Amino acid sequence: HVIRALQAAPCQAQSLYARLLPRQPRLFWLDDLAYAEVEDPAAAADALQRAGLAWSAARIASPRRLAESSTVDQLRAACRAHGLRVSGRRSELIDRCAQPECARTLRRPGLELRHRTLFRSLMRLATLDHRGDLGRVVQARLGLFKPASYHPTGGAGLFPTRAAWRRYEQGLRLRALPVPPPSDQQFEWLETLPPPPPWRRRYSGRRFAETALRERLRTDERQCAAADSAASWKRMLDARPDAPGPVVARLALALGRAGRPSEAVALCDSWLPRLPPAEADAVERTARRLGRAAGRSHRPLVPLIQAPRRRLLLEPGTGRARRPRWRVGRHHYNVEVAVVETLSRHGRLAVRGEGVPWATLFGVCFRDVLFAPVPGMLPSPMLRAPLDLGTPGFRGRRESMIDHRLREIRSGDASHLIADVVARRGMEDIRGVDWKRFPPPTLIALARLVPGPALAAILEAFVDDWRGARRGLPDLCVLPGRPVRISRSRPGRLGAGLLLVEVKGPGDGLRPAQRVWLDRLIRAGVPAEVWEVRPDMGHGLPRVTADGTSPSRKEHA
């Protein structure tokens, strides 16, 4: 009804409503409005009032609201007219003018928009953006980027009931608070609301409640007793959170602090087989640490394959920086760029970007799969990806298309796929694709240099877990080239084939997601290594054993 009323209003009235909707004041004075597309603001305001889209300021404005909507000069003029003191802050002027006598001086023709909250909700629904920002719409019409071209699909709605929509809006307000409120409301949401389908999770009020509750419990565990903290984490785990791994780890640590490490190890062992690899790795390390404290062992998972390690000595850089700098030639770089420059000086090219190059390759190679007309997954225009990307159902809904595309990539056709997509669709705005860092010529060259089986193995991980696959990929992709020997490196020889490298400086260890990716790459036959960069103090390199560790001090001596 409200949308039809706005569409039926004159064009100038629509323009005025659109201009005023994103502005902060609640009251707008007509003599302050000057827009090129609104020639007669008074007539446009009158049309909005007749359509039920605005109220007249003369009808609703109280003296205080009139004062709050006036400028400092107007407030001082009103004080001067009524013999009041004109000095002081704006808040003091508002307090003096918040009386009926001053209201008659401040009152002018104006309006207040109606349905502001409703229209913001509708913009969130139209763009599927939590902020409801129409900036992407404007940028696309200005030609600053090209949105993906597809026909929105029907099917199941994003919100099955009005109550689900309202809970989503409440969750957004909860998310906007700087400090999460007390956790009773969030506990009730988690305990009473059923988990949504995975493709609806991002737009679920339950998700916001879980995030706020986890932040609140992390804050409270520093201030309350360990037993109370354990009881709160146990209640949250019983409420079936969408990401149970971090909750299990925090509960186990709270149990350990409460003097119950054996119970904590048993909890971790019971959950380990049910967790995703990255979450399972973190929980297993927690169980191992608590098991040592309790003097008991735990039931480990199949161990991850350890990537070979290489030691590289570089000269420490100078100057102040957030991260340590390393000197290569006459310039100073952070550790990843320093390794790239070192490889370049030895005649090998490396691409830096962690998950960015692979996410870009995935988005372009699987463009037609992403925007296939699957019912319900593309409910609105200008989406950058379907709703189910990164959920277990993504592959099941497109099984044949995905298998066919993986076979093409495995056979070495990725570069042809990229060239075809760019020729047919151009550089569309696709989630995860970074055209600035990897324009079509660079992307095609990268696809040609990476062997097809290796590329298919990496991109298949994006098919099965798009969000998780972007975290933990090695820092560098050393492209195939001639074999070289790297000075001040052990091992010193670098083979001719593709190599993925995780770079670690002093004091930097592997995170769980990185350990999982290294294991996945090695099992898929993709060469991967961990390069440990250490300062060159003029003592040379220690000998490195086959597993990448240094010998004992006695043996080294």
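The values are calculated or read from the model by the stated rules, or taken from the named source; none is laboratory data. Everything numeric in this text was worked out from a predicted model, so none of it was measured. Cβ sites come from the backbone with ideal geometry, for glycine too, and all protein chains shown count toward neighbours. Areas reflect the complete protein model, heavy atoms only, side chains present, ligands, DNA and RNA absent. Shrake-Rupley method; radii C 1.70, N 1.55, O 1.52, S 1.80 Å.
Rounded to whole numbers, the Karplus 3J(HN,Hα) couplings from phi for the range 263-268 are 5, 5, 5, 5, 4, 4 Hz, using 6.51 cos²θ - 1.76 cosθ + 1.60 with θ = phi - 60°, and x at Gly and Pro.
In a reduced charge model with +1 at each Lys and Arg Cβ and -1 at each Asp and Glu Cβ, the chain shows a dipole moment near 1120 debye about its Cα centre. Think of it this way: in the chain, CYS11, CYS79, CYS224, CYS268, CYS365, CYS477 stand alone, with no other Cys Cβ under 4.7 Å. Of all DSSP-defined beta bridges confined to the chain, some 60% are antiparallel rather than parallel.
Normalised by 2.2 N^0.38 Å, where N is the number of residues, the alpha-carbon radius of gyration of the range 334-375 equals 1.79. Taking trypsin sites (Lys or Arg not before Pro) across the range 1-81, the ones in a DSSP loop with at most 10 further Cβ atoms lying within 10 angstrom of their Cβ are ARG23.
Axis angle, to the nearest 10 degrees, between helix 41-50 and the longest C-alpha principal axis of the chain: 90 degrees. Bridging of LYS234 to aspartates and glutamates at a Cα separation below 17 Å is possible for ASP184, GLU188, GLU191, GLU210, GLU215, ASP220, GLU221, ASP242, GLU263, ASP269, once same-chain residues fewer than 8 apart are set aside.
Take every Cα pair under 8 Å in the chain that's 6+ residues apart, average their separations, divide by the length, and report that relative contact order as a whole percent. Relative contact order of the chain: 13 percent. For chymotrypsin sites (Phe, Trp or Tyr not before Pro), the sites in the range 129-220 that DSSP calls loop and that have at most 14 other Cβ atoms within 10 Å are PHE145.
Considering every alpha-carbon pair of the range 154-311, the percent of pairs per 5 Å bin, from zero through the bin containing the longest distance, is 1, 9, 16, 17, 16, 13, 11, 8, 5, 2, 1, 0.
Using the average count of surrounding beta-carbon atoms within 10 Å as a protection proxy, the listed peptides 415-423, 85-93 rank, highest first, as 415-423, 85-93. For the range 1-84, relative contact order (Cα pairs under 8 Å, six or more residues apart, normalised by length) works out to 33 percent. Residue-wise HN-Hα couplings along the range 244-249, as the Karplus relation 6.51 cos²θ - 1.76 cosθ + 1.60 with θ = phi - 60° gives them from phi, are x, x, x, 5, 4, 5 Hz; Gly and Pro carry x. The angle separating the long axis of helix 205-220 from the principal Cα axis of greatest extent in the chain is about 70 degrees. For the range 131-280, averaging the sequence separation of C-alpha pairs within contact (under 8 Å, six or more residues apart) and dividing by the residue count gives a relative contact order of 17 percent. Of the trypsin sites (Lys or Arg not before Pro) found in the range 189-231, those in coil by DSSP whose Cβ has at most 12 other Cβ atoms within 10 Å are ARG222.
Only one item in (1) 93, 63, 53; (2) 75, 62, 42; (3) 80, 61, 53 matches Cα extents along the principal axes in Å derived from the coordinates shown, and that item is (1).
Subtracting the Cα-Cα distance of LEU122 and CYS224 from their residue separation scaled by 0.36 nm leaves 32.5 nm. Think of a 1.4 Å ball rolled over the protein heavy atoms: the chain then has 51 Å² of accessible area per residue. Ligands, DNA and RNA left out, the accessible area of the chain computed with a 1.4 Å probe is 52% carbon and sulfur.
Over all pairs of different C-alpha atoms, the range 261-312 has a mean inverse distance whose reciprocal, the Kirkwood radius, equals 11.8 Å.
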